[in-house]
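Only one structure is covered here, and it is reproduced in the block below.
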Amino acid sequence: MTLRPRLSPVMDRFLAGQFFGSFAACLAAFTVAYLLGDMFDRFNDLVRYGGIGVLGLEYFALKIPLIVSQVLPVACLAGVLLGFAILNRSGEVLACQQLGISRLEMAIPVLVVSVVLSIFDFALSETIVPMATHEAKYLYEVELKKRQLQGVFADRRIWVRLHDGFASADSYDKRRRMLYGVTVYRLDDQYSIKDIVHAESAVWKANQWLPEGLHTFKVEHNGAVTPSDKALLRLGLKPADFNILRLEPDEFSLWELNDYIVSLRKKGLDPGSYLVDRDLKYAMPVACLIMVALGMSLSLDPLPRKLSLGRSFGMAIAFGFGYWLAFGITSSFGHSGLLPAWVSAWLPNATFVLIAASIFLFGEEH
């Protein structure tokens, strides 16, 4: 009775290193391509506002953590396909299989590396990405475009300075261009509050804010508050002014996003799309592992696929595009309420897991 050969630690390190080297090269290439695309997309603004210089370099440097986090899954897929295309071309994968080494044994060291990359992606998204993305947004909207920052977030509530007072809002929905829980405080010449206007919500239509559930109160000099017949909501602000203040999901860490969702629910507001964004923060890092599993399924067969480097790179782009397209579609359905948040976040992962498993099992050794 003979024992089937097993991979040695040296072979484990060789396969893992072969994948990681190709992965690092693909990650660098995709990051540079993404940066160049973003640079050309914003070229007119950079020229118009004088961003071709230190400020522009600082802005794009701050975008790198977010870009790396977003291209990691595709780089993982490309790294597997390119790395094993090289091994298949030299016949090393076929030699291992002729020795009786299973595809699963060859896949394990690469999958271990992908688990580490998934953990790294999650840690990067929770630490560096929110801070760098927020700072990049501030540089672009305020420092570069010279727009005045008229408000702040305080305890996840928006406060905005007006010409004759200040206003606050519980939240702002960028997609619907709608404010929730709006309160306007008007000041007199002595900087004392003279009027309070509150609206349950306000939507931007026809170049004005149209309120719902509007109530107006007058504040007397003795501090007494009485209802008023004046029912006007004058903010003097446009949706673009709130776009600067609204924190995007990439500017939240997971615990900050959870805290914000709890805060909205306590105020009786629907967290809406933030639930989808929270589930996406759990689902996205797993994509590294799924893309590696898919790449291994495509690369290993009882008779290995002899893909050229160009075809491997093209296949990685095609599958990566399909994966991001699936995420875009399902997340849009989740944001619009057509799908539950957890379904819209996890459906692409489940779909591509089934694809990878089907390809792997279809080519199983007999």
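Bear in mind these aren't lab numbers, they're just calculated from the coordinates by the rules spelled out. Everything quoted here is computed from the prediction, not taken from an experiment. Cβ placement follows ideal geometry from the backbone for every residue including glycine, while neighbour counts extend to all protein chains displayed.
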* For mean projected area of the Cα convex hull in nm², the listed values are (i) 22.2; (ii) 17.7; (iii) 23.8; which was obtained by calculation from the structure presented? -> (iii)
* Asked: Can you give the net charge of the other residues whose Cβ lies under 9 Å from the Cβ of V129, counting K and R as +1 and D and E as -1?
  -> -3
* Asked: Between the helical axis of 103-126 and the dominant principal axis of the chain, each derived from Cα atoms, what acute angle in degrees is found, rounded to the nearest 10?
  -> 20
* If you take the Cα atoms of the stretch 12-60, find Rg, then find the Kirkwood Rh from the mean of 1/r over all pairs, what is Rg/Rh? -> 1.29
* Among K145/K194; K63/K238; K63/K266; K145/K174; K205/K266, which pairs are too far apart, with a Cα-Cα distance over 31 Å? -> K145/K194; K63/K266
* To do: Within the stretch 81-121, which residues have the backbone N less than 14 Å from the label spot 7 Å out from A25 along Cα→beta-carbon, could you tell me?
  => 81-90
* Grab the eigenvalues of the alpha-carbon gyration tensor for the stretch 32-168, scale each by 5, take roots, and send me the semi-axes largest first in whole angstrom. => 47, 20, 8
* For W342, net neighbour charge (Lys/Arg +1, Asp/Glu -1) across residues whose Cβ lies under 13 Å away -> 0
